């Protein structure tokens, strides 16, 4: 069975970028000396873990829907061949003439 999968390197790369964006205020404070480096590291690790889980979830849902074959349109109820449009009389006679000239 071919199970839909998510590329782990893509997921981790996107989550790294998202976690840096989320934890930028804490990292900026740590660089200025207003926040302890341990607290900034813990905040970054939590941001990385949460962003990885969120990105992986979104990518898994997208991969699941992308692996499904497209649905066939369902005909409306009660539709039969008699409801379909028919050819005009002029079209039928033009086909008869082209078939006789081809032979």
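Every number here is computed from the coordinates shown, using simple stated rules; none is lab data. None of these values were measured; they are calculated from a predicted model. Glycine also receives a Cβ, built like all others from the backbone with ideal geometry; neighbour counts cover every protein chain displayed.
Couple of notes before you dig in:
- FRET efficiency for the residue 32 to residue 72 pair, using the beta carbon distance and R₀ = 41 Å, is estimated at 0.10.
- Note on residue 39/residue 5: beta-carbon distance plugged into 1/(1 + (r/R0)^6) with R0 of 30 Å gives a FRET efficiency of 0.25.
- Bins of 10 Å, starting at 0 and running to the largest distance - Cα pair percent for region 16-67: 26, 38, 20, 11, 4
- Pair residue 24, residue 46: separation of 7 Å Cα→Cβ label points (nm): 2.0 nm
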